[in-house]
Number of protein chains: 2
Amino acid sequence: MLRMARRQIKQLLGPAIRQYRSGGHELSPAHWGLTVTALGHLACDSVSLASLREKWGSPLHVVLARRLRENASEFLAVNGLGRTRAEIFYSYKSNPVPGVLQLLHGLGIGAEVISEYELWLALKLGVPANRIVFNGPAKSTTAIHNAVAQDILLLNVNHREEIDVVAMVARALGKRPRVGVRVAASSGWSGQFGLSIGQGEAFAAIKQVHESGVLELTAIHCHVGGMLRSAQQVLGYVGEVLALADRVRNELGVELAILDFGGSLATPTVAGISEFDRRLSMAFQVPIPAPVPDAMISIREYVQCAVEKVEAHYAATARRCPRIFFEPGRAMTGNTQILITSVLSLNAQDPKPGWAILDAGINLAESARSEFHHILPASRMQGERTLRYRLAGPICSPGDVLSWSALLPELAIGDALAIMDAGAYFVPFSTSFSFPRPAIVMVDGSDVHLLRRAEIFEDIIALDRVEQPTNEKCQALQ
Amino acid sequence: MLRMARRQIKQLLGPAIRQYRSGGHELSPAHWGLTVTALGHLACDSVSLASLREKWGSPLHVVLARRLRENASEFLAVNGLGRTRAEIFYSYKSNPVPGVLQLLHGLGIGAEVISEYELWLALKLGVPANRIVFNGPAKSTTAIHNAVAQDILLLNVNHREEIDVVAMVARALGKRPRVGVRVAASSGWSGQFGLSIGQGEAFAAIKQVHESGVLELTAIHCHVGGMLRSAQQVLGYVGEVLALADRVRNELGVELAILDFGGSLATPTVAGISEFDRRLSMAFQVPIPAPVPDAMISIREYVQCAVEKVEAHYAATARRCPRIFFEPGRAMTGNTQILITSVLSLNAQDPKPGWAILDAGINLAESARSEFHHILPASRMQGERTLRYRLAGPICSPGDVLSWSALLPELAIGDALAIMDAGAYFVPFSTSFSFPRPAIVMVDGSDVHLLRRAEIFEDIIALDRVEQPTNEKCQALQ
């Protein structure tokens, strides 16, 4: 009764609220460098993404090689201007797919790692130790030992207690590792990450590194977290880092060799979903507001504004400019990968169209719970987008919803949808929850090649001890 | 400046608010059937859980065999009373560990599956087809085909559109599968799950199954979702199912053979965290209120109250009582498994003690983001719990926090913590995010055996194509 009344209220209020809050911008596929085939399929370099399912199965991760090279070259572009070189280290955790990482390394991009596993992976993929930066709050002693033994480029300590561990390892190995200190600026994350500049914790830790006797004080590392969208945000935290570097020079007499500005640049077409918007969307199918890509700085502007500010600062005091590092994750790969999913079933409700049940949900797209991602009708691009579907994933959880209000043409079973910007935090957060994980292919011109094969059922229990079922055991079940 | 002011306000207000909202109940380890050794270690049947790390590594999932058998026997206990048999099907998705599943099957418990993979797994583990129930909103046509071809016990359709698919498969195979309809009662989840009783959708679908000509209308399936804690909740939805079964008999002339009451019984020591409590905890370290285990019905009471109500209903009209199914997930395994994690690093802050960084976080304990779980100092049980730690996991995400206010003794690096009630939705939601997944061992009396070995680094990229690094490629990185 109550539920019926509630439904009626929603049906009355929904259209009014939806009109008031205008929906997401419908972006052209060209925004991602994609086209539409004569059959109405979303395509990359004439390869229909929906058709890739025939060979590689569904769901399917598709890496767009051209976009990946474009993003990388934007990050490296500032180096062509005769300025201080911006050195780029890809954040492994964002999308740890060897085929993607090897493409980036081939372009001159190094590795930013946060665990013993990622350090191992970088070395296995042929990254020289002097192109590896090691970060994170949870470096095991073994991981620190491996990093110091290998003479990696830079190890950034996250909090004061780590300094003693690194010093102990350095003494044991007779090494003098290059060490930076992760600091927290006045904006952005803090919590478990880094030491506050404003409260003096950062300087105290830097001093401790310097006085350890066995560590080479080399860098300040500042990663604001969240999603950077404006030059103002960048200039703000870069300014705080410069002031701290000056204090280090003045009080400790050390000119830092490296300023490491971390990552955090947003993917232009992705934005966080506020609790308020999420509730409106659940209740009234109000679309989540899409970010306006042109309203944010480009990769090139981001690098350039930071580099210029650092250069100007050092030029003004006639000092030599330090090396400048960036550690992009989402900005490098976020919009270079697409998760293709298929409509498994339709569940029409009142008001129509109701639910479409997909073969990918939060098991593969966990980020879509908290971030807006465009979802395109990959096999029906010419249809008019007039219906508001609720899109559910396949796992039996009420939280397995990718969108409460996806504007799409009328769908049929088997249709492909493209969850855009799946190149950051989709693969590392993916699970084998009731369904095996998909293949990852790369489209490179007209060539399509497999980076990671799909899991098969046997893979999911490959590490398990399975007892051979006996007749007696089966009888217990009869 | 603002941040400093905010911190001072929190420090002033924190103690007052914490006093007002009293903390979680500190439960004795005996509640989980555990003891404490002379060395102050949490132990199961004299096996120190912290010490298991020496052989099997950290983190580590520990399955408590005795507890698992106890829970299973509670579910089956009502059968000893000469009543209608309650048939139990374990919800595979909750904790799909073959060693756990095989133990349950050995006790006479069947399989409730929601995907082609889980159906395959049940058959592989030796579960006879007539002990398998297939549910869920996302059954692929292949999965339905396999289920019908194997003559499984029951296939519950989730929404009307599935009926045609099952009928089509049945016709193609010349089979007459036993079909139930998932219905939504007036309480609990609805969304993408099931057809509303109140609005008549459920009856319409049941009629459609009956009139298909090729499907054997067999069951009503009602799974309320959420966390059932009281007999009143159980009796409420059971009553709605009985009324619907009567209508089916009266209008269609069909006496349903099975009433399937799904799962949803809570783990007594786990509860959802409200947004309000989460914010209070983040800001002021106010402990999340722990549920009072004795305030909820036991497994036995749960089964008994449903069975009695069904029996009484059918007895009153002198009809034969149908078979009664339950599909427990969390209530069966939730409190029979523990995730042991180690303190990797301490990050003291003001006010002390600040952060403890653990080797397990939301990568392995995703549920702890939204659910309260007790966390015990597994290697320091005799210490007085006087400090409020913030517990962070190892992945570089601000969301990787297991507790904002865990009351613990003073911790040292290497200490073990026990994240309790890790037997539901921990393993299936686990990822290899920057860190390999842990081993799973079972403690059975003084015997400890391995159910699943820990991932090694090579496992994580076993499905990837890795190019051999060449000299030229490495040069790009110099």
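Taking each label point as 7 Å beyond Cα in the direction of the beta carbon, state the distances from B:Ile413 to the same residue in the other copies, shortest first, in nm.
5.8
In the structure displayed, which of A:Lys139/B:Lys352; B:Lys175/B:Lys309; A:Lys175/B:Lys352 lie more than 26 Å apart, Cα to Cα?
B:Lys175/B:Lys309; A:Lys175/B:Lys352
Could you please tell me the mean projected area of the C-alpha convex hull for chain A, averaged over all directions and given in square nanometres to one decimal?
In nm², the orientation-averaged hull projection of chain A is 28.7.
Using 0.36 nm times the number of residues separating B:Thr470 and B:Met168, minus their current alpha carbon distance, what extension gain do you get?
Between B:Thr470 and B:Met168, full extension yields 103.3 nm more.
May I ask you to list, by number, the DSSP H helices of chain A whose Cα span along the axis is at least 24 Å and whose average Kyte-Doolittle hydropathy reaches 1.0 or more?
In chain A, no H run is both long and hydrophobic enough.
Calculate the dipole size of the stretch B:312-445 relative to its Cα centre from +1 charges on Lys and Arg beta carbons and -1 charges on Asp and Glu beta carbons; express the result in debye to the nearest 20.
Dipole of the stretch B:312-445, to the nearest 20 debye: 560 debye.
Sequence gap at least 6, Cα distance under 8 Å: using those rules, report the relative contact order of the stretch B:65-331 to the nearest whole percent.
Averaging sequence separation for qualifying contacts and normalising by length gives 20 percent for the stretch B:65-331.
Let's test this: bin the Cα-Cα distances of the stretch A:159-214 at 10 Å from zero up to the farthest pair and state each bin's percent.
24, 48, 22, 5
Report the residue of chain A with the smallest Cβ-to-axis distance, using the rotation axis that brings A onto B, in whole Å.
Spelled out, residue of A and its Cβ distance from the axis onto B: A:Thr431, 3.
Based on the alpha-carbon gyration tensor of the stretch A:66-131 and its eigenvalue square roots a ≥ b ≥ c, which shape applies: rounded if a/c is under 1.5, prolate if not and a/b is larger than b/c, or oblate?
Judged from the Cα gyration tensor, the stretch A:66-131 comes out prolate (a/c at least 1.5, a/b above b/c).
Rounded, prolate or oblate: which fits the stretch B:230-302 when a ≥ b ≥ c are the square roots of the eigenvalues of the alpha-carbon gyration tensor, with rounded for a/c under 1.5 and prolate only if a/b beats b/c?
prolate
Relative contact order (percent) for chain B, with alpha-carbon contacts under 8 angstrom and 6 or more residues of separation?
Relative contact order here is 19 percent.
Shape call for the stretch B:165-259 from the C-alpha gyration tensor, a ≥ b ≥ c root eigenvalues: rounded (a/c under 1.5), prolate (a/b greater than b/c) or oblate?
prolate
Quote the relative contact order of the stretch A:202-324 in percent (integer), defining contacts as alpha-carbon pairs under 8 Å separated by 6+ residues.
About 30 percent, as a whole number.
Copy-to-copy spacing for B:Ser46, label 7 Å out on the Cα-to-C-beta vector, in nm, shortest first?
Distances between equivalent label points, in nm: 7.5.
Per residue, how big is the convex hull around the C-alpha atoms of the stretch B:65-331? Give it to me in cubic angstrom, could you?
Value for the stretch B:65-331: 140 Å³ per residue.
Can you tell me how much longer the chain between A:Ser274 and A:Leu39 gets when fully stretched, taken as 0.36 nm per residue apart minus their C-alpha distance, in nm with one decimal?
Length difference between fully extended and current span is 80.9 nm.
How fast does the stretch B:179-328 diffuse by Stokes-Einstein, in µm²/s, taking the Kirkwood radius from C-alpha pairs at 37 °C and 0.692 mPa s?
Answer, rounded: 195 µm²/s.
Using a 10 angstrom Cβ neighbour count of at most 11 plus a DSSP loop assignment to flag exposed GluC sites (Glu not before Pro), which longest range of chain A is free of such sites?
Of all site-free stretches, the longest is A:27-383.
Once amide H atoms are placed 1.01 Å from N in the peptide plane, what residues at a sequence separation of 5 or more from B:Asp45, or on another chain, have their amide H within under 5 Å of its amide H?
B:Thr35
Search the structure for amide H atoms under 5 Å from the amide H of B:Val181, placed 1.01 Å from N in the peptide plane, and list their residues when 5 or more places away or on another chain.
Counting only residues 5 or more places away or on other chains, the set is B:Val157, B:Ala219, B:Ile220, B:His221.
Skipping prolines and chain starts, which residues have an amide H placed within reach, meaning under 5 Å, of the one on A:Val254, given they are 5 or more residues away or on another chain?
Sorted by chain and number, the residues that satisfy this are A:Arg249.
Expected output is a single nm value to one decimal: the length gained when fully extending between B:Ala149 and B:Leu27, i.e. 0.36 nm times separation in residues minus the C-alpha distance. What is it?
Once the chain is fully extended between B:Ala149 and B:Leu27, it gains 39.0 nm.
Quick one: with label points 7 Å out along Cα→Cβ, list the inter-copy distances for B:Pro398 in nm, shortest first?
So the distances to the same position in the other copies read 2.8 nm.
With no solvent and one equal point scatterer placed on each C-alpha of the protein assembly as shown, evaluate the Debye formula and give log10 I(q)/I(0) for q = 0.07, 0.10 Å⁻¹, two decimals.
-0.60, -1.24
Every number in this text was worked out from the coordinates using simple rules, so none of it is lab data. No experiment lies behind these values; they were computed from the predicted model shown. A quick note on method: Cβ atoms are made from the backbone with ideal geometry, for glycine too, and the neighbour counts reach across all protein chains shown.
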